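Everything below concerns the one structure shown next.
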Amino acid sequence: MFQSTPLSGRIWKRLPLSQMNSIPLKGKVSNRSLFLMKCPFCGHLETQVVETRISEDAEFIRRRRQCGACEKRFTTYERPDVSFPSIVKKDGRRTDYQRSKILGSMTLALRKRPVSTAQIDAAVEQIEEKLLNLGLREVASSRLGELVMLELKKLDKIAYIRFASVYRSFEDIDEFRMLVDEVGR
């Protein structure tokens with residue numbers, strides 16, 4: 001696993017964690033660590049970690065940070081850096097996996113539905129875990145779409161039908177009716 005680390009001033013380099021202990025970041029400031037990380041609001045490089053929490057499933061670490069200059073707070077997440085398989089489109093093109101596309105599609109299908117963002121994030125985590133467990137270097141986009149539909153079906157039946165109706169691009173009303181009947185059972 002790699003972590004971005006400041007070396008001197010504003011120069012950043014990616015180092016293995018085994019080398020992290022030899023690099024002084026900053027000292028302690030009133031029992032809170034001071035790290036070099038660019039504030040998204042003002043661009044100042046020094047921020048304090050105010051609060052650190054590990055997720056319930058220990059998949060990521062959430063840190064609340066406060067800028068030393070503008071004093072605004074923001075959240076960062078630390079996740080393991082893993083490589084997802086490439087996605088093979090229907091026309092044969094290969095693209096990198098993008099979490100934001102899955103999240104965007106699911107959010108659109110779940111629009112105005114009683115599902116929290118935490119539930120959506122958990123569903124995306126499940127999809128990613130399944131993708132990684134496949135152990136493949138390439139996955140067909142149709143397989144990824146099926147994984148999304150499985151998770152949507154667990155979350156919300158209406159969102160599942162919304163997504164499936166676009167994803168499967170039904171040719172006639174009977175195909176759509178069959179899907180609705182399947183969900184209704």
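The values are calculated or read from the model by the stated rules, or taken from the named source; none is laboratory data. Because the structure is predicted, anything quoted here is derived from the model rather than measured. Cβ atoms come from the backbone with ideal geometry, glycine included; neighbour counts cover every protein chain shown. We work out accessible area using only protein heavy atoms, side chains counted, and drop any ligands, DNA or RNA first. Shrake-Rupley method; radii C 1.70, N 1.55, O 1.52, S 1.80 Å.
Miscellaneous remarks
- Counting heavy atoms of the protein chains alone, LYS157 has an accessible area of about 100 Å² for a 1.4 Å probe.
- Solvent-accessible surface (1.4 angstrom probe) belonging to ILE120, in square angstrom, nearest 10: 10 Å²
- Relative contact order for the range 85-185, counting Cα pairs under 8 Å that sit 6 or more residues apart, in percent: 32 percent
- Theoretical gain in end-to-end length, THR76 to LYS130 [0.36 nm per residue, Cα-Cα removed]: 17.0 nm
- In terms of accessible area, using a 1.4 Å probe and ignoring ligands and nucleic acids, TYR77, TYR160, TYR97, TYR167 rank largest first as TYR77, TYR167, TYR97, TYR160.
- Amide H contacts under 5 Å for TYR97, placed H, 5+ residues apart: ILE87
- Couplings for the range 51-62, taken from phi via the Karplus curve 6.51 cos²θ - 1.76 cosθ + 1.60 with θ = phi - 60°, read 8, 10, 9, 9, 5, 4, 8, 6, 8, 8, 10, 9 Hz in order; Gly and Pro are left as x.
- Taking every protein chain into account, the 1.4 Å probe leaves PHE60 with about 50 Å² of accessible area, to the nearest ten.
- Carbon/sulfur fraction of accessible area - the range 59-185, other protein chains in place, 1.4 Å, %: 50 percent
- Candidate residues CYS39, CYS70: accessible-area rank, largest first, probe 1.4 Å: CYS70, CYS39
- Residue-normalised accessible area of the range 39-109, expressed per residue, 1.4 Å probe, Å²: 65 Å²
- Residue by residue, the range 151-163 carries 3J(HN,Hα) couplings of 5, 5, 4, 5, 7, 7, 5, 5, 4, 4, 5, 4, 5 Hz when phi is fed to the Karplus relation 6.51 cos²θ - 1.76 cosθ + 1.60 (θ = phi - 60°); x denotes Gly or Pro.
- Candidate residues THR117, THR107, THR95: accessible-area rank, largest first, probe 1.4 Å: THR117, THR107, THR95
- For the residue pairs LYS38/LYS89; LYS90/LYS154; LYS38/LYS153, the alpha carbons lie more than 32 Å apart in LYS38/LYS89; LYS38/LYS153.
- Remark: the range 70-185 carries a charge dipole of roughly 240 debye about the Cα centre, counting +1 on each Lys and Arg Cβ and -1 on each Asp and Glu Cβ.
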